[in-house]
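One structure is given below, encoded as structure tokens.
The values are calculated or read from the model by the stated rules, or taken from the named source; none is laboratory data. Since the structure is predicted, the reported quantities are computational estimates derived from the model, not experimental observations. Virtual Cβ from ideal backbone geometry, glycine too; neighbours counted across all protein chains shown.
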Amino acid sequence: MAPARRQFTALSLILVSTLLLFNPAHCKTLKRDVKALNEIKASLGWRVVYAWVGDDPCGDGDLPPWSGVTCSTFGDYRVVTELEVYAVSIVGPFPTAVTNLLDLTRLDLHNNKLTGPIPPQIGRLKRLKILNLRWNKLQDAIPPEIGELKSVTHLYLSFNNFKGEIPKELANLPELRYLYLHENRFVGRIPAELGTLPNLRHFDAGNNHLVGTIRELIRIEGCFPALRNLYLNNNYFTGGIPAQFANLTNLEILYLSYNKMSGVIPASIAHIPKLTYLYLDHNQFSGRIPDAFYKHPFLKEMYIEGNAFRPGVNPIGIHQVLEISDSEFLV
């Protein structure tokens, strides 16, 4: 055989061997993940199991990966990195076996009928970035171990039956951008420590049973540096809007409707540069609306109905129920 042909053959063998080595079809799924998902499959009897064929959730031979399961290859093995099983009427307790999927970056179980608490083992998911449990029937207090999810950026816990206080351990999540806690049964005060979150853009704690004052919430100097949207509507907040609130210079939406707040509206709030939507309705505010609000270059909506303002005080814009889709925040 000519030297050139021998070199070509040797190179081809190396290339084929390399492709076989890194071909996901020849990789084995980590036994830990196989066991965890098979436990879930057996215990809950999810509707998706008709598409969960075979024993390997990442696929085996001619069998595709299980529906809603995303796997990634690391060297010569595969791990489960995403689990998305939503809107399929899953009934039963939160599947604790999920917390054995240590490489998960996304867990989406929203719009099902999961019950019971979030298990404290949730803190094991150190790589989790998105946790979506909204629209279930989950209950009890949020475990403090939620503060161990150091990589999480999106936390959706809304539309459940969670109770107790909002855990201050949420302040331990440095990457958190979007925090949805609305439509639950949370009580007590919002921990002021949440103001130290450097990346928090959207915070929704509306429709709960929260008490306290806005002053308590923003008492930490330099708090909420990235906050754009703050929803505290339909709670039991009292007191006024402190002038220091104007320090939240990135604020675009402030939703304080249906509380028990009072006092006059400080003119400094009108100088928040990007303020676009201001909802003050159905409180006990009084006095006048400072003229600066009517000259604000970006303020589209200011709703003031159901207060004790002086006669002649007018709203800005036409009030509509403010709805923002989750897709706008998945960035």
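What the table shows:
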{"read-out": "Matching option when the condition is surrounded by 17 or more Cβ atoms within 10 Å (Cβ to Cβ), without any contact (Cβ under 8 Å) to a residue 12 or more places away in the chain and not basic (Lys, Arg), among Pro57, Pro65", "value": "Pro65"}
{"read-out": "Among residues of the range 125-169, those that are of a type in the set (S, T, N, Q), farther than 20 Å from Leu197 by Cα and crowded, with 16+ Cβ neighbours inside 10 Å, counted", "value": "3"}
{"read-out": "Subset tally (residues that are surrounded by 13 or more Cβ atoms within 10 Å (Cβ to Cβ) and either farther than 13 Å from Leu109 by Cα or in contact with a His (Cβ under 6 Å, 6 or more places away or on another chain) (or both)) for the range 68-90", "value": "10"}
{"read-out": "Pairs with Cβ under 9 Å, 6+ apart, first in the range 291-320 and on the phi < 0 side of the Ramachandran plot, second of a type in the set (A, V, I, L, M, F, W, C) and loosely packed, with under 12 Cβ neighbours inside 10 Å", "value": "Glu301/Ile318"}
{"read-out": "Within the range 5-117, strands (runs of 3 or more DSSP E) holding 3 or more residues that are modelled with pLDDT of 85 or more and among the hydrophobic types (A, V, I, L, M, F, W, C)", "value": "69-74, 77-84"}
{"read-out": "Out of Leu248, Leu217, sole residue that is closer than 24 Å to Lys274 by Cα, without any contact (Cβ under 8 Å) to a residue 40 or more places away in the chain and in contact with a Leu (Cβ under 7 Å, 6 or more places away or on another chain)", "value": "Leu248"}
{"read-out": "One residue from Leu37, Leu30, Leu114 being buried (at least 19 other Cβ atoms within 10 Å of the Cβ), of a type outside the set (Phe, Trp, Tyr) and under 25 Å from Glu183 (Cα atoms)", "value": "Leu114"}
{"read-out": "Residues (of a type in the set (Phe, Trp, Tyr) and surrounded by fewer than 21 Cβ atoms within 10 Å (Cβ to Cβ)) located in the range 227-254", "value": "Tyr236, Phe245"}
